[in-house]
Amino acid sequence: MTDWLLPARDTGRIRCRTAYAILVMIHGPGTLTGRTPVTVKVLPSGLVIDPATGGYWIVKSDGTVDAFHAPWHGSAPMRGQAVTGITGTPGGGYLMLTSDGGGQNYGTPWYGSDIGHLPAGVTAAGITADPATGGYWILKSNGGVDAFAAPWYGSLAWHVPAGQSVTGITGV
């Protein structure tokens, strides 16, 4: 387990280092610590650190958000669409992205999305904020990237081999 990813301080429910391990184990093979197999209907789909507090938010595939030593701005279960990503923003809020390209904003502006504009067979795979503008980029499973109130630097659209998908994006 890597201590650098999350600070090791007590949250009252779980230790922060354990939260990362749980995310890895639930996405991994079917048991937690070698015990009874676990059937999970709602999976963690993203984790982002709040730079203001050092805490973090975990978003689950159904759109619920848990805050750990970070301000909770709200969440809304997304019925019918899986949440595929979360990103913190310079203003201290967070944005959630759904597989159809839609999303929700909490404590930060929303500049638009890809909802209704994704090619057949392509899903929205990830989102990351631009610390300079407060805008964000949405990554599509075909490698395409769309910019919303952020500069566009290009993408890998149509360069991803058939049958493969891109699954993550991060800002620098």
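The values are calculated or read from the model by the stated rules, or taken from the named source; none is laboratory data. Quantities reported herein were computed from a predicted structural model and do not represent experimental measurements. Cβ coordinates were reconstructed from backbone atoms using ideal geometry, including for glycine residues, and neighbour counts include every protein chain displayed.
State yes or no: is Ala125 at pLDDT 90 or above, outside any strand (DSSP E or B), of a type in the set (Gly, Ala, Ser) and buried (at least 20 other Cβ atoms within 10 Å of the Cβ)?
no
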Inset, instruction - Would you check which residues across segment 140-172 are farther than 15 Å from Thr89 by Cα, in contact (Cβ under 8 Å) with a residue 40 or more places away in the chain and not hydroxyl-bearing (Ser, Thr, Tyr) and list them? - result: Val166, Gly168
Inset, instruction - Tell me which residues, restricted to segment 136-172, are closer than 16 Å to Ile86 by Cβ and in a loop (DSSP other than H, G, I, E, B). - result: Thr167, Gly168, Ile169, Thr170, Gly171
Legend entry - Neighbours by Cβ (under 8 Å, 6+ apart or cross-chain): first from segment 108-124, outside the structural domain of Tyr94 (by TED's automatic domain parsing); second in a loop (DSSP other than H, G, I, E, B) and of a type in the set (D, E, K, R): none
Legend entry - Verdict on Leu118 being out of contact with any Leu (no Cβ under 7 Å at 6 or more places or on another chain) and buried (at least 23 other Cβ atoms within 10 Å of the Cβ): no
